1. With the checklist (1) crowded, with 21+ Cβ neighbours inside 10 Å; (2) closer than 25 Å to Met117 by Cα; (3) in contact (Cβ under 8 Å) with a residue 24 or more places away in the chain in hand, flag the one item Lys139 doesn't pass.
2. Name the residues in the stretch 161-171 that are among the hydrophobic types (A, V, I, L, M, F, W, C) and surrounded by fewer than 24 Cβ atoms within 10 Å (Cβ to Cβ), would you?
3. Among the strands (runs of 3 or more DSSP E) lying completely within the stretch 97-212, list those that include at least 1 residues that are closer than 30 Å to Asn225 by Cβ and assigned by TED's automatic domain parsing to the domain that holds Thr235.
4. Write out, first by first residue and then by second, each pair whose Cβ atoms fall under 7 Å of each other, whose residues are 6+ apart or on separate chains, and whose first residue, in the stretch 338-366, is in the same structural domain as Pro180 (by TED's automatic domain parsing) while the second is surrounded by fewer than 12 Cβ atoms within 10 Å (Cβ to Cβ) and hydroxyl-bearing (Ser, Thr, Tyr).
5. Could you identify the single residue in Pro154, Pro180, Pro128 that is touching a residue at least 12 places away in the same chain (Cβ under 8 Å) and either crowded, with 24+ Cβ neighbours inside 10 Å or on the phi > 0 side of the Ramachandran plot (or both)?
6. Just give me the residues in the stretch 273-294 being aromatic (Phe, Trp, Tyr), within 18 Å of the chain's Cα centre (by Cα) and farther than 11 Å from Val48 by Cβ, in sequence order.
7. Can you find, within the stretch 79-96, the residue that is farthest from Met363 (Cα to Cα) among those that are of a type in the set (Gly, Ala, Ser) and in a loop (DSSP other than H, G, I, E, B)?
Amino acid sequence: MERRQFLKYVTLAGSGFTFAACTSEKQNSQVLPSPKISAIATNEPLKVGFVYVGPVGDFGWTYSHDLGRREMEANLQGKVRSTFVESINEGADAERVIRQLALDGNRLIFTTSFGYMNPTIKVAKDFPKVAFEHCTGYKRAKNVGTYLGRFEEPRYLTGMIAGKMTQSNIIGFIGAYPIPEVIRGIGAFTLGVRATNPQAKVRVVWVQSWYDPGKEREAAQALVNLGADVLTQHTDSAAAVQLAEEKGIYAFGYNTDMSKFGQKAHLTSAINRWGKFYTDRALAVINGTWKADDIWHGIAQGMVDISPLNTAIPPDVQQMVMAKRDEFIKGTAHPFTGVIKDEQGVVRVSKGKVLNDAEQIKMNWYVEGVEGVKSQK
């Protein structure tokens, strides 16, 4: 499995989960001049390929990308013809599938999981006239762009709600892998929690998978056993929301609205919306204006947001959260605004400063209030 350098693990006794201490890593985010991606003839639809790490289903990460694919097709009727391949493991399988999509004549290929980064770069070298877009990665090339939603914004908002809804002051976070993308989400969520409840703590359990309903449920139960009465996740199933519904506690969904899995438990979801981005990038290839970019879009650009709020959330809390959302849209607030300390009390972001994009993409430390983990010095 292609991943950023992993961590030294301390296994949670009696389970298949881990708490982690993160190691540093080198980043390669150099943007090179793009090759000329020729415009598509007006009578020739652009072939667009998508590679998915999980099954499409009807919720979660892969489903959100497929909704975006469908929206692109609806917006560009007759101008594009798309195909997707689902449940592709990261690594050798991904390289084979990406290469086959290029051989099949797809002129634009979206690879939608972090572990597809190196396979995407490798295949792109052999197909210089094909445009590639990789989601959540940091490596780019002449014909490889990267894109990511500023999910730290909805993460912060859900954290604000969690801080107000917990009674035990213990909030559980189910993480897939301890890589910067997930660590950043834990940080933004915890900062939101601490903004409304400085006494609350966030406990993290790793399941070592993006999608494993069984492990996710076991992790959720482990967190409940530790006293958590609110759960959230950076994984792809609805297991945590379903368990929360059974236990009479609260939970947040992720990637898409998961309210149908827990009518009472589900407070809101941090959601992704890829349709406009996929439409815009396809149009760029069609028009011959595509270039390799590093695109991070937030709530203001419509790429991320929160789903409708549960009426169980008090009106004053809802108003507070929506006011902060408006600040994110206007650019007058940022989730990672100093002073921010790590879990050992070391100041990582000074007063009045914000954690910039380059710092966020390699984030390997945990903010104050996260328990069961250790930052890299």
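The values are calculated or read from the model by the stated rules, or taken from the named source; none is laboratory data. Remember, predicted model here, so these are calculated numbers, not experimental data. Counting neighbours? That spans all protein chains shown, and the Cβs are built from the backbone with ideal geometry, glycine included.
1. (1)
2. Applying the first criterion (among the hydrophobic types (A, V, I, L, M, F, W, C)) to the stretch 161-171 yields 161-162, 165, 170-171.
Those that are among the hydrophobic types (A, V, I, L, M, F, W, C) and surrounded by fewer than 24 Cβ atoms within 10 Å (Cβ to Cβ): Met165, Ile170.
3. 170-175, 201-206
4. If the second residue must be surrounded by fewer than 12 Cβ atoms within 10 Å (Cβ to Cβ) and hydroxyl-bearing (Ser, Thr, Tyr), the pairs left are Gly338/Ser350; Val339/Ser350; Asn364/Ser24.
5. Numbers: Pro180 fails: either crowded, with 24+ Cβ neighbours inside 10 Å or on the phi > 0 side of the Ramachandran plot (or both); Pro128 fails: either crowded, with 24+ Cβ neighbours inside 10 Å or on the phi > 0 side of the Ramachandran plot (or both).
Of the residues listed, the single one that is touching a residue at least 12 places away in the same chain (Cβ under 8 Å) and either crowded, with 24+ Cβ neighbours inside 10 Å or on the phi > 0 side of the Ramachandran plot (or both) is Pro154.
6. Listed by number, the residues that qualify are Trp274, Phe277.
7. Of all residues in the stretch 79-96, those of a type in the set (Gly, Ala, Ser) come to 82, 87, 91-92, 94.
From the residues that got through so far, the ones that are in a loop (DSSP other than H, G, I, E, B) too are 87, 91.
Details: Ser87: 28, Gly91: 23 Å.
This residue is Ser87.
For (1) touching a Lys or Arg at 6+ places or on another chain (Cβ under 6 Å); (2) of a type in the set (Gly, Ala, Ser); (3) surrounded by fewer than 19 Cβ atoms within 10 Å (Cβ to Cβ), each residue gets a yes or a no:
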site	(1), (2), (3)
Val207	yes, no, no
Tyr211	no, no, no
Lys215	no, no, no
Ala220	no, yes, no
Thr232	no, no, no
Glu246	no, no, yes
Ala251	no, yes, no
Asn255	no, no, no
Leu267	no, no, no
